[in-house]
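Can you keep this structure in mind? I'll have questions shortly.
Laboratory data are not the source of any read-out in this text; all were calculated from the coordinates shown. Since we're looking at a predicted model, the values are computed, not measured. Every residue, glycine as well, gets a Cβ built from its backbone with ideal geometry; the counts of neighbours run over all protein chains shown.
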Amino acid sequence: MNWNSAAEFFAMGGYGLYVWGSYAVAAACMLIEPVLVVRRRRSALQAAANPS
Amino acid sequence: MSSSPTRLFTFAAPSRFYGLAGALTPWFWVAAIALSAAGLYIGFFVAPTDATQGEAYRIIFIHVPAAWVSMVLYMAMAFWAGIGWAFKARLASMVARAIAPTGAMFTFVALWSGAFWGKPTWGTWWVWDARLTSYLILLFLYLGYIALVEAIDDTRRADNAGALVALVGAINVPIIYFSVKWWNTLHQGATISATAAPKMASTMLTAMLLMTLACWAYAFAVVLTRTRAIILERERHTDWVATLARGGSKQ
């Protein structure tokens, strides 16, 4: 185990900003993109169900 | 027709592919979640602190997988765009379009995490060296491809023009890969290669490979779902889509 406490884990040996800054943006991208793509398929299905 | 044996090309029909992709997607989501949980656990709790970079090196577990996947996705996008162009294969062109946003997203993640890694280790967020510059061009190629195909209303013309850009731009991928050998760059050389033993602890390598597989599972899940959306958009006047859409909650 690398960490003795949660605080130590979040501090990342003083590199917390850089490590968590990287992962936070990656996580945000990889959570938003699936939502957008699922919505796109759903709205395509609805558009096909109600042809104008 | 219906009695003909199932062949690989069966799934080149958008209607068949739609069902197949829908059946596979949940498994890719499960794999992405499980692999990233395992990869992050090993990366943060098992892999040791790096002797020279301290904890900052842990950015590698997202940076390198994102960079690998973004480059292979570009080649896949160019390949399918080219197939769609050369053989008038509609599904191939749709897959190429579905890959582009996900490839761009991974490229952005690799650039972002690279900047956040460069700052503490190199002392700068960005340098215009060969690796970073050629990789930034990859992002512009993705964005250029997307902008071009979205700007042309005629679907077939858009696909063909996009294929041309994607194929010409594919030359950039080997340039990125070899940039650290051909030029003096601030970016380090390859840590993993087919011809030499990896230059890192085995737990670090395990975490990185698990995260790479997680990114691949994610990419498959998202790209397949986007391909399904594109199929519905393009085939909305066909009988099978009308039947499917009226079916309501059905997949």
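Positive end of the charge dipole of the protein assembly as shown (Lys, Arg +1 and Asp, Glu -1 on Cβ, about the Cα centre): tell me which of B:Val241, B:Ile152, B:Val64 has its Cα farthest that way.
B:Val241
Span-like helices, chain B: DSSP H, alpha-carbon axial extent 27 Å or more, mean Kyte-Doolittle -1.0 or greater, which ones? All intermediate terms of the calculation are to be shown ahead of the outcome.
Details: long enough: B:14-41 (40 Å, 0.95); B:60-87 (40 Å, 1.59); B:90-122 (47 Å, 0.65); B:130-151 (31 Å, 1.55); B:202-234 (47 Å, 1.17).
Flagged H segments are B:14-41, B:60-87, B:90-122, B:130-151, B:202-234.
On to the next question. Rounding to the nearest 20 debye, state how big the charge dipole of the protein assembly as shown is about its Cα centre with +1 on each Lys and Arg Cβ and -1 on each Asp and Glu Cβ. Don't jump to the answer; show the numbers that get you there.
Values: 22 positive and 12 negative charges, 179 e Å.
My answer is approximately 860 debye.
For B:Thr238 and B:Asp153 in one chain, what is 0.36 nm times their gap in residues minus the Cα-Cα distance, to one decimal in nm? If you can, show how the numbers build up before the last one.
Working: separation 85, 0.36 × 85 = 30.60 nm, distance 1.97 nm.
Full-extension gain reported as 28.6 nm.
Right, next: Per residue of chain B, what 222 nm ellipticity follows from adding -39500 (n - 2.57) for every DSSP H run with n ≥ 4, rounded to the nearest 500? Mind dumping the intermediate values first?
Working: 8 runs with 178 residues, N = 251.
Calculated mean residue ellipticity at 222 nm is -25000 deg cm²/dmol.
From the P(r) of chain B, could you give the percentage of C-alpha pairs in the tail past 25 Å?
Values: 15897 of 31375 pairs.
More than 25 Å apart: 51 percent of the Cα pairs in chain B.
Further question: Taking the alpha-carbon centroid of each part, what is the distance from the stretch B:193-246 to the stretch B:44-91 in angstrom?
Measuring centre to centre over Cα atoms gives 11 Å.
Note down the magnitude of the dipole of the stretch B:105-251 about its Cα centre, charges +1 on Lys and Arg C-beta and -1 on Asp and Glu C-beta and zero elsewhere, to the nearest 20 debye.
Its charge dipole is roughly 320 debye.
Further question on the same structure: Quick one: compute the contact order of chain B, relative version, from alpha carbon pairs under 8 angstrom and 6+ residues apart, as a percent. Write down the numbers at each step before the final one.
Working: 296 pairs, mean separation 82.1, N = 251.
It comes to 33 percent, rounded to a whole number.
Just flag the chymotrypsin sites (Phe, Trp or Tyr not before Pro) in the stretch B:118-177 sitting in loop per DSSP whose Cβ has no more than 13 other Cβ atoms within 10 Å.
B:Trp125, B:Trp128
Could I ask something else about it? Given charges of +1 on the Cβ of Lys and Arg and -1 on the Cβ of Asp and Glu, with all other atoms neutral, how large is the dipole of chain B about its Cα centre, in debye to the nearest 20? Before the final figure, lay out the partial values.
Working: 18 positive and 10 negative charges, 102 e Å.
About 500 debye.
Whole number please: convex hull volume per residue, Cα atoms of the protein assembly as shown, in Å³. Show your work: numbers first, answer last.
Working: hull volume 49.4 nm³, N = 303.
It comes to 163 Å³ per residue, whole-number rounded.
Got a sec? Charge dipole of the protein assembly as shown, +1 on Cβ for Lys and Arg, -1 for Asp and Glu; which of A:Leu17, B:Met75, B:Trp85 is way out at the positive end?
Most positive-ward Cα: B:Trp85.
Which longest uninterrupted range of chain B lacks any trypsin sites (Lys or Arg not before Pro) assigned by DSSP to a loop state (not H, G, I, E or B) and surrounded by at most 11 other Cβ atoms within 10 Å? Intermediate results must be reported in sequence, preceding the final value.
Values: sites that count: B:Arg7, B:Lys250.
By the stated rule (loop sites, at most 11 other Cβ atoms within 10 Å), B:8-249.
A further question on this structure: Could you compute how fast chain A diffuses translationally, taking Rh as the Kirkwood radius over C-alpha pairs and applying Stokes-Einstein at 20 °C with viscosity 1.002 mPa s? Give it in µm² per second.
Once the numbers are plugged in, D ends up at 152 µm²/s.
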